[in-house]
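Peer 1: Mind having a look at this structure? Questions to follow.
The values are calculated or read from the model by the stated rules, or taken from the named source; none is laboratory data. Everything numeric here is computed off the predicted structure, so don't read it as measured data. Cβ coordinates were reconstructed from backbone atoms using ideal geometry, including for glycine residues, and neighbour counts include every protein chain displayed.
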Amino acid sequence: MRRVVVSLGLVGVLMLPSVAWAQEDRELQKQTQNPVANLVSLPFQSNWNLHTGPYERTFHNLNIQPVIPFQGKNLMFISRAIIPVNSVPVGPDDSTFGLGDVTYSLFLSPRKPGKIIWGVGPASLLPTASNPEQLGTEKFSLGPTFVLLAQPGPWTLGFLTNNLWSVGGTEDRADVNQLLFQYFVNFNFGKGWTVGTAPSITADWEAPAGETWTIPVGATVSKITRIGSRPVSLGFQFYHNATRPEFAPESKAVFTITLLYPIVKR
């Protein structure tokens with residue numbers, strides 16, 4: 001009898017990490033969809049932009065996007081960067097590879113938000129391109145950024161937006177005046193699965209008529225899983241640009257792996 005009791009006890013002990021991870025993964029599902037969550041993350045987003053430019057080639061870029069929150073007494077500051085590594089077609093066969101311009105945002109958000117979650121702060125575009133002529137704007141740009149969302153039940157509903165204007169840089173390069181508007185609608189299933197849509201709508205206000213808007217339509221699916229004990233989010237997206245400038249990509253496939261570093265609550 002004692003041996004049976006010990007055996008059952010061991011089974012219970014072995015199940016504890018799985019139960020704890022399942023509960024944590026349910027929380028992480030929603031945190032990964034909240035741009036101002038109290039969560040350190042390191043996404044690697046591989047973008048395959050299909051039928052791009054006059055030669056209808058594939059333009060690939062890898063976005064490395066560290067997110068680091070800093071806690072105050074009543075507020076949080078959330079540092080978000082997008083570091084692009086690009087491979088851009090420059091002819092029928094040739095490509096240029098290197099670092100692009102870095103986008104950096106700093107959100108201010110309540111540490112204990114209510115049902116409506118928000119964040120506001122400055123956004124910037126930094127002229128960091130390794131090949132400025134092919135991969136960058138050669139402009140330093142600034143503007144406001146804002147995020148608003150709610151997470152009722154299994155849903156995440158909201159949007160993120162910014163507008164950047166060039167305030168300095170090389171005079172013979174085009175000015176920057178561009179809008180980003182990303183809305184997101186996600187439904188969280190059990191076992192870490194999420195489906196939804198989160199298209200990034202952009203407008204280049206300096207472009208000629210008919211070349212201003214890029215409006216994608218599509219869907220995304222993701223899952224929280226583990227590599228060893230490290231929680232990660234794996235995601236796939238596909239979007240078709242229903243409206244686009246002449247040489248913009250026709251469609252885009254996106255693969256993302258996000259390393260997650262949950263912050264222990266005290």
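Peer 1: Which of the following residues is in contact with a Pro (Cβ under 8 Å, 6 or more places away or on another chain) and surrounded by 14 or more Cβ atoms within 10 Å (Cβ to Cβ): 186, 177, 163?
Peer 2: 163
Peer 1: Could you tell me whether region 172-189 includes any residue that is aliphatic (A, V, I, L, M), under 22 Å from residue 79 (Cα atoms) and in contact with a strand residue (DSSP E or B) (Cβ under 9 Å, 6 or more places away or on another chain)?
Peer 2: Looking for residues that are aliphatic (A, V, I, L, M), under 22 Å from residue 79 (Cα atoms) and in contact with a strand residue (DSSP E or B) (Cβ under 9 Å, 6 or more places away or on another chain), one finds at least one in region 172-189, hence yes.
Peer 1: Suppose we filter region 226-259 for residues that are out of contact with any Leu (no Cβ under 8 Å at 6 or more places or on another chain), of a type outside the set (S, T, N, Q) and part of a strand (DSSP E or B); how many remain?
Peer 2: 11
Peer 1: Looking only at region 97-137, which residues are among the polar types (S, T, N, Q) and within 20 Å of the chain's Cα centre (by Cα)?
Peer 2: Once the filter is applied, which keeps residues that are among the polar types (S, T, N, Q) and within 20 Å of the chain's Cα centre (by Cα), region 97-137 yields 103, 105, 109, 124, 128.
Peer 1: Also, I was wondering about something else. Pick out the one residue from 130, 105 that is at pLDDT 95 or above and buried (at least 16 other Cβ atoms within 10 Å of the Cβ).
Peer 2: None of the other options fit; the residue is 105.
Peer 1: Any residue at all in region 212-222 that's out of contact with any strand residue (DSSP E or B) (no Cβ under 6 Å at 6 or more places or on another chain), at pLDDT 95 or above and surrounded by 14 or more Cβ atoms within 10 Å (Cβ to Cβ)? Talk me through it step by step, then tell me what you get.
Peer 2: As a first pass, look at region 212-222 and keep what is out of contact with any strand residue (DSSP E or B) (no Cβ under 6 Å at 6 or more places or on another chain): none.
No: region 212-222 contains no residue that is out of contact with any strand residue (DSSP E or B) (no Cβ under 6 Å at 6 or more places or on another chain), at pLDDT 95 or above and surrounded by 14 or more Cβ atoms within 10 Å (Cβ to Cβ).
Peer 1: Taking the condition within 21 Å of the chain's Cα centre (by Cα), under 28 Å from residue 143 (Cα atoms) and part of a strand (DSSP E or B), does residue 223 pass?
Peer 2: Here the answer is no, as residue 223 does not meet what is asked.
Peer 1: Regarding residue 192, is this residue modelled with pLDDT under 95 and either of a type in the set (A, V, I, L, M) or farther than 21 Å from residue 139 by Cα (or both)?
Peer 2: So residue 192 fits the description; yes.
The rows are residues; the columns are (1) farther than 24 Å from residue 171 by Cβ; (2) aromatic (Phe, Trp, Tyr).
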site	(1), (2)
41	yes, no
51	yes, no
56	yes, no
78	yes, no
92	yes, no
97	yes, yes
104	no, yes
107	yes, yes
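Peer 1: What tally of residues in region 64-96 results from selecting those that are within 30 Å of residue 247 (Cβ to Cβ), within 24 Å of the chain's Cα centre (by Cα) and among the aliphatic types (A, V, I, L, M)?
Peer 2: Residues that pass the stated criteria total 6.
Peer 1: Could you check region 130-180 and list, in sequence order, the residues that are free of Cβ contacts under 8 Å to residues at least 24 places away in the same chain, under 30 Å from residue 34 (Cβ atoms) and in a loop (DSSP other than H, G, I, E, B)?
Peer 2: 153
Peer 1: Which of the residues belonging to region 185-220 are touching a residue at least 40 places away in the same chain (Cβ under 8 Å) and either outside any loop (DSSP other than H, G, I, E, B) or touching a Phe, Trp or Tyr at 6+ places or on another chain (Cβ under 9 Å) (or both)?
Peer 2: Scanning region 185-220 gives 186, 188, 194, 196, 199, 204.
For every residue, the table says whether it meets (1) more than 19 Å from residue 27 (Cα to Cα); (2) at pLDDT below 95; (3) over 15 Å from the mean Cα position of the chain (by Cα).
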residue	(1), (2), (3)
184	no, no, no
196	no, no, no
203	yes, no, yes
236	yes, no, no
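Peer 1: In addition: For region 68-76, state whether one or more residues are closer than 25 Å to residue 186 by Cβ, touching a residue at least 24 places away in the same chain (Cβ under 8 Å), out of contact with any Cys (no Cβ under 8 Å at 6 or more places or on another chain) and crowded, with 17+ Cβ neighbours inside 10 Å.
Peer 2: Scanning region 68-76 turns up at least one residue that is closer than 25 Å to residue 186 by Cβ, touching a residue at least 24 places away in the same chain (Cβ under 8 Å), out of contact with any Cys (no Cβ under 8 Å at 6 or more places or on another chain) and crowded, with 17+ Cβ neighbours inside 10 Å.
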